[in-house]
Structures are given as structure tokens and as C-alpha cells.
Ligand SMILES: C[S@@+](CC[C@H](N)C(=O)[O-])C[C@H]1O[C@@H](n2cnc3c(N)ncnc32)[C@H](O)[C@@H]1O
């Protein structure tokens, strides 16, 4: 199996990766991984979207995830795009062996009012204009350099309808990368819940000079270097980080109403970022 390219702008690298998985490789090992929106949550997500009449969904940088097919088979109008022809061939395939994988994983009653349009699209360039009710970008943003992030963010922003949401589902985005990630989305026009407060939080933590990673929104000290076996130091510095975290949570509680008002503005396009570690 080929490796994923280190340089995310290496389109040939992405194609080599997916061509090594589909049609003649171990695609079945990979296609179940759909990030935080796992296949067993598809039923409830689709129900909610159908009820709220938010039916037009873009899954950007879809790879060979089964999520586009699963949502399309629940009555939604799904667009799944990628720059890899092999990934798009997978998404467009009607092969029984792929459908069997999906059926084995989620016993969904198929609602055939939905549709799946899967096409090659480079999301550094414009796609649709104020078109989607929801965008799901699973791990297809975090690996780009800053200038690329800016153009990818703009395409996502322009493609989303106002008062709708784009979900950016990430894995292991820490430190400066997190700043760049959020900054690109905000510069493109997205509203990120509690953005300013989050920037304040990270700045305060960084000023301590204590190394940390976020796990479920809380700062933890990685146990290597100085901290590998110095329990006393870990305890002392953890206390410092925890105090800042407590102040952050307090401020967050205090600004909930104000934040809600901002997000409910009819023009707002919201970016929800899911930070996972793994
Ligand atoms: C880490 S993979 C994630 C794939 C899939 N979303 C998943 O969760 O398995 C990043 C994806 O972004 C796609 N990609 C890279 N550059 C792209 C571009 N300029 N336009 C559209 N897709 C791109 C890759 O082909 C790849 O499928």
C-alpha cells in the first residue's frame, strides 16, 4: 500500500495512495473510518438534517470514506469531491462488494430520495456559490500550508449558505497549526464559536512556557523531556495550567449569551471545529 503524501499539495501522491487501495487494494480496511461522524451516527444525523430541511451536503476531500454513500442513502443530496480520480471512482462505484460493506456496518433502511454526485474538484479553486446547507470536511484541511489553507477556507466559505454550518473534523492539530487553522477560517469570513476567547486561552497558556497538548479541550503536559519522571514538576505546572483552564471556562460561561446572538445572525456562516487526538 502506498503512503499518504507528506506534502498535501502533491496530487499525484494522493492519487497513488488511493489507487493502491481501490479497486485492487485494502480499501475495505480504510473506508469505515469516517472521523467523528461515525457511521453509527449517520441515522440520527440524517434524520435531523431531513427534519430541518438541510438536505444539500458537501463532503469535501472525501477520499474513500463511506460517509457520502451512507448519507445519500438516507435521503440527502450529497456532493462528494476530491482531487484523486481513484477516490472519486470509489464514490461513484455501484459495486455490490462496497454496498455490502456499508450494509454490514449500518443496517439502514434505504431512502432513495437522496442522491450522490461525486466529482473531481480542487478545493483551492471556487466550487459552488452559497449552495450547501452543511459542509463536512474530515481531515482534509489540517495538513496544508498557510497560503493553501486560506484558499481552501475561502472556497468552503463561498460554497456554504448563510446561517449554515461547516464542520471541520480534525486529528492531532496542536500548537501553531491550531492557530493557523482557525485564523484561515476566520479570515475567510467564518464565525468560530468563542474564537476570541480561545485565542486568549491559548495565549495565556503559551505565556507560561509550559509545554501542553489539548485533550478534550483541556491542556495536558506531555510526559517527556523534563517531565518524563519529575512528578513534582508535573504536579506544579499542571496546577498552573489548570488555573488558566478554570478562568477560561468561567469566561466562557459568562459570554454564552453574547456568543449565541452572534452565531444566530442570519448572515453568519459558522465553522465548527472538532479537535480529536489519536
Ligand atoms: C487525510 S485525507 C482525508 C480523506 C477523507 N476525508 C478521510 O477522512 O478519510 C485528505 C484528502 O484531501 C484530498 N485533497 C488533497 N488536496 C485536495 C484538493 N486540492 N482538493 C480536493 N481534495 C484534496 C486528498 O485527496 C485526500 O482525500
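The values are calculated or read from the model by the stated rules, or taken from the named source; none is laboratory data. Here the structure is a predicted model, which means the values were calculated and not measured. Note that each Cβ is placed from the backbone with ideal geometry, even for glycine, and that neighbours are counted across all protein chains shown.
Assorted remarks:
- Selected residue (criterion: nearest to residue 72 (Cα to Cα)) from residues of segment 33-46 that are in contact (Cβ under 8 Å) with a residue 12 or more places away in the chain and surrounded by fewer than 16 Cβ atoms within 10 Å (Cβ to Cβ): 43
- Residue list for segment 70-106, filter: away from the ligand (no atom under 16 Å from the Cβ) and in a strand (DSSP E or B): 74, 77
Here's the yes/no breakdown for (1) touching a helix residue (DSSP H, G or I) at 6+ places or on another chain (Cβ under 8 Å); (2) free of Cβ contacts under 8 Å to residues at least 60 places away in the same chain; (3) at positive phi:
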position	(1), (2), (3)
206	no, yes, no
218	yes, yes, no
226	yes, yes, no
232	no, yes, no
261	no, yes, no
274	no, no, no
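- Checklist (1) in contact with a strand residue (DSSP E or B) (Cβ under 8 Å, 6 or more places away or on another chain); (2) in contact (Cβ under 8 Å) with a residue 60 or more places away in the chain; (3) loosely packed, with under 15 Cβ neighbours inside 10 Å applied to residue 162, failing item: (1)
- Residue within segment 179-191 that is over 21 Å from residue 4 (Cβ atoms) and in a strand (DSSP E or B) present: yes
- Among residues of segment 58-96, those that are over 26 Å from residue 142 (Cα atoms), surrounded by fewer than 21 Cβ atoms within 10 Å (Cβ to Cβ) and in contact with a helix residue (DSSP H, G or I) (Cβ under 8 Å, 6 or more places away or on another chain), counted: 1
- When segment 113-147 is filtered for residues that are within 15 Å of the ligand (Cβ to nearest atom), more than 19 Å from residue 89 (Cβ to Cβ) and out of contact with any helix residue (DSSP H, G or I) (no Cβ under 8 Å at 6 or more places or on another chain), the ones remaining, listed by number, are 139, 143, 145, 147.
- Condition check for residue 69: free of Cβ contacts under 8 Å to residues at least 40 places away in the same chain and closer than 16 Å to residue 111 by Cβ: no
- When segment 32-57 is limited to residues that are under 27 Å from residue 157 (Cα atoms), in contact with a helix residue (DSSP H, G or I) (Cβ under 7 Å, 6 or more places away or on another chain) and assigned to a loop (DSSP other than H, G, I, E, B), the one that is modelled with the highest pLDDT turns out to be 55.
- The listed residues are 123, 144, 157, and the only one of them that is under 19 Å from the mean Cα position of the chain (by Cα), farther than 30 Å from residue 20 by Cβ, in contact (Cβ under 8 Å) with a residue 40 or more places away in the chain and crowded, with 16+ Cβ neighbours inside 10 Å turns out to be 157.
- With respect to being at pLDDT below 95, outside any helix (DSSP H, G or I) and out of contact with any strand residue (DSSP E or B) (no Cβ under 8 Å at 6 or more places or on another chain), residue 113 fits the description.
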